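The values are calculated or read from the model by the stated rules, or taken from the named source; none is laboratory data. From a predicted model like this one, the values you see are computed outputs, not experimental measurements. All Cβ positions, glycine included, derive from the backbone under ideal geometry; neighbour counts span all protein chains shown. Note: areas computed on protein heavy atoms with side chains; ligands, DNA, RNA excluded. Shrake-Rupley method; radii C 1.70, N 1.55, O 1.52, S 1.80 Å.
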Amino acid sequence: ELGHIVVVPDGRSCDCGQKGCLEQYIAGRGVIKTQGFGTEHIHDEEILVTTARYLTQGIMTLLIFDPLDALYLFGQNLEAQRPFL
């Protein structure tokens, strides 16, 4: 699962038992831990760039091991950032 690809070695503990999972840095709760506020309050492009870098790293890691024809992204974080997309 994309959300459990490690993007930060020895990073935050995840519910799956690993550390540094993508979900801990780009999902709603992860953004709150990083920024101190929810995704609906993100209006700073720098935060979005940081989040996009983590997401890109996770997708690239996924593609190394499993080339895909399509990848669908969804969730609260993406929906909240529709104006930036």
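Some notes on this structure:
- By average C-beta atoms within 10 angstrom, highest first, the peptides 62-68, 13-19, 2-8, 24-30: 24-30, 2-8, 13-19, 62-68
- Using 0.36 nm per residue and subtracting the Cα-Cα separation, the extra length available between ILE64 and LEU2 on full extension is 21.1 nm.
- Projected label distance in nm at ASP10 and VAL49, using a 7 Å step from Cα toward the beta-carbon: 2.8 nm
- For the pair ARG29 and GLN57, the difference between a 0.36 nm per residue extended length and the Cα-Cα distance amounts to 8.2 nm.
- Probe 1.4 Å, accessible area per residue of region 1-64, Å²: 60 Å²
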